[in-house]
Amino acid sequence: MSKQHQRVPLNQTVARVTQRIIARSATSRDAYLSRINTARSQTVHRAKLACGNLAHGFAACQPDDKTSLKNMLRSDIAIITAYNDMLSAHQPYENYPEKIKRALQNVGAVGQVAGGVPAMCDGVTQGQDGMELSLMSRDIIAMSAAVGLSHNMFDGALFLGICDKIVPGLVMSALSFGHLPAVFVPAGPMSSGLPNKEKVRIRQLYAEGKADRHALLEAEAASYHGIGTCTFYGTANTNQMVMEVMGLHLPGASFVHPDTPLREALTEAAAQQVTRLTEVSGNYLPIGQLVNEQVVVNGIVALLATGGSTNLTMHMVAMARAAGIQINWDDFSELSEVVPLLCRIYPNGPADINQFQAAGGVALVVRELLAHGLLHQDVHTVAGFGLEKYTQEPWLDNGQLAWRDGVTTSLDDKVIASVAHPFEHHGGTRVMSGNLGRAVMKTSAVPADNQIIEAPAVVFDSQHAVQPAFEAGELNKDCVVVVRFQGPQANGMPELHKLMPPLGVLMDRGFKVALVTDGRLSGASGKVPSAIHVTPEAQTGGLLAKVHNGDMIRVNGQTGELTLLVDAATLKMREPYQPDLRAEHIGCGRELFGALRSQLSGAEQGACCIKYDN
């Protein structure tokens, strides 16, 4: 065990934001806790089932497991898996159920695969019609996992998922079944490939017509080359960071490579740990109690301190809401004023997630933040009480899994900085506001001299119209590129990564360029100042729908200003533009999602179609 950390007073801003969230959430949180307490069982949950129900529930089990399930003292652990073998991050999960079942049998428990959930890759669908299903898939994942858990056979659950919408969806489902203990089981990142800086260089050459498709494909294949999570710091790796700091992974589990002895040991330990949190263990800790307001704030702090994916500004709202906790972008903004940027991981810098891990990883980040009162220490985790456990790292001691204190100072200060000497004194995410609405900018990747721009708008109603305009030279000027009707209700809010190479080229040519959109960019916005997630979106009456070509727009990533510089009288006279989007709602399965799309809330409300009564 690690040495006892010296108690440091909690930062006043962190304390104030936390108390504000507690007060705001009082009614909904109480209703949630009451609901999960009602669902609690004093024994194994299957004891409530009729004999016919129970017989169906274990009919396919092996004889030993069937005997255990007849015994009302043995825990039955649900396995919810997002396995498919197209996603590099999820391919390692193929054999996890069997490994988990063996680990559970070794401690007298049973594991059953309760269900599988869809898992799509934004990297594959980027710029394609399928990307318009991506954000909505999060709520589908939550619903799919709920179907598996609804059999009420289970005393705890293990969730196997990593990537963009998968983890938030699984968390939402886990919290809907908040009376059950839950542990999240990562699979780890792929080994390092082509350096990110070189990948970006080839992408920009291709955008300029100076590299052919073969060269581009070779570069991409050298970057994304094996099993495991993509190594840049996008939503997938941000998910892992946040989950660990929220205490939902075992300490140090996030960034250990797949198919290594340490990863195998961590997976077995996660399986066995959930049995120690069940009702019959005598140490009952359901996830709905574990994830409280302090834990949610810890997750936000981890996001800001590491410059993580802007997608989490939506996902964390939706995840918290599933636990009856109400957060908004003001909470992110206020915390960002006191949480420094401690990490430079691509696109915030040249390093990848493996270099971050080598420099000290999550354990060092948690140590730094705890030492300066920027995290709540007194919280429950799946590893026990107290976040100081997450300053430890796992290792194999003569083949046995153990934990030891992590490093106390960065092994590469170009990748992980200290709170005393951070990369930036402001967190990596800025909340923007003005007459155009509210938005988010990932400032951690944008040089300070590029964060302020006042220039005429060039307006597009489709991301696909930007590249032809670029190729025609129409963007060779200082400009604010406005890409609207990309919000949740318009077309499901796709990510717009395809815009980054041409806009990056324009910046390299010396032009001042910014992007303003009601769409998403995840963690890959790079050096382009981008005010994203603009809400209200154009489709639902946002001022974006009234922007004309040539209108002056001010984007200030340092002060958080997002203003259309057109007088109010002129704007009042303008009719909002409304394109015909029907063609974009058909094909590639999009027609199946119409009902969900029309119910999605705004970005700041989590872009969620699930309605909670609590």
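Taken together, the values in this text are just the output of simple stated rules run on the coordinates, not laboratory data. Note that the coordinates shown come from a computational prediction; the quantities given were computed from them, not determined experimentally. We place every Cβ from the backbone using ideal geometry, glycine too, and count neighbours over all the protein chains shown.
Taking the DSSP bridge list for the chain and keeping only pairs wholly inside it, about 50 percent are antiparallel. From the Kirkwood radius over Cα pairs of the chain, Stokes-Einstein at 25 °C and 0.890 mPa s returns a whole-number translational diffusion coefficient of 99 µm²/s. Share of antiparallel DSSP beta bridges in the stretch 429-605, in percent to the nearest 5? Restricted to the stretch 429-605, the bridges split so that about 55 percent are antiparallel. When each of Y346, Y390, Y83 is scored by the number of other beta-carbon atoms lying within 10 Å, the sequence from fewest to most is Y83, Y346, Y390. Rounded to the nearest 0.05, the FRET efficiency derived from the C-beta distance between D478 and S192 at R0 = 35 Å is 0.40. With r defined as the distance between the Cβ atoms of A31 and R574 and R0 fixed at 25 Å, what FRET efficiency is calculated, to the nearest 0.05? Efficiency, from the Cβ-Cβ distance: 0.05. Taking amide hydrogens as placed 1.01 Å from N in the peptide plane, the amide H of D478 sits under 5 Å from those of K512, each at least 5 positions away in sequence or on another chain. Per residue, the convex hull spanned by the alpha carbons of the stretch 295-387 comes to 108 Å³.
Annotation: for a label point projected 7 angstrom from Cα along Cα→Cβ of V124, residues of the stretch 573-614 with backbone N closer than 17 Å are 588-590. With a Förster radius of 60 Å applied to the beta-carbon distance between N106 and H214, the computed FRET efficiency rounds to 0.75. For the pair A402 and L581, the difference between a 0.36 nm per residue extended length and the Cα-Cα distance amounts to 58.9 nm.
Computed with the Debye formula from one identical point scatterer per Cα of the stretch 355-510, without solvent, the log10 of I(q)/I(0) at q = 0.15, 0.18, 0.20 Å⁻¹ comes to -0.95, -1.11, -1.25. Other residues whose C-beta falls under 15 angstrom from the C-beta of A359 contribute a net charge of -2, scoring Lys and Arg +1 and Asp and Glu -1.
Across the stretch 429-605, C-alpha contacts under 8 Å between residues 6 or more apart give a mean separation that, scaled by the residue count, equals a relative contact order of 30 percent.
Report the local net charge at K70: Lys and Arg +1, Asp and Glu -1, summed over other residues whose C-beta lies under 12 Å from its C-beta. Combined, the nearby Lys, Arg, Asp and Glu give 0. Proximity of backbone amide H atoms, modeled 1.01 Å from N, is registered between M552 and A457, L565 at under 5 Å, excluding neighbours fewer than 5 places apart on the same chain. Per-residue ellipticity at 222 nm computed for the chain from its helices equals -10500 deg cm²/dmol, with DSSP H segments shorter than 4 residues left out and the rest contributing -39,500 (n - 2.57). Highest average first, the peptides 191-202, 589-600, 478-489, 93-104 ordered by how many other beta carbon atoms sit within 10 Å of their residues are 478-489, 93-104, 191-202, 589-600.
Relative contact order of the chain, taken over Cα pairs closer than 8 Å and 6 or more residues apart, is 15 percent. In terms of overall dimensions, the C-alpha atoms belonging to the stretch 429-605 reach 44, 37, 32 Å along their principal axes, ordered largest to smallest. Dividing the radius of gyration of the alpha carbons in the stretch 239-338 by their Kirkwood radius gives 1.02 for Rg/Rh.
When the pairs K477/K546; K477/K498; K48/K389; K512/K546; K197/K512 are compared against a 29 Å limit on Cα-Cα distance, K48/K389 fall above it.
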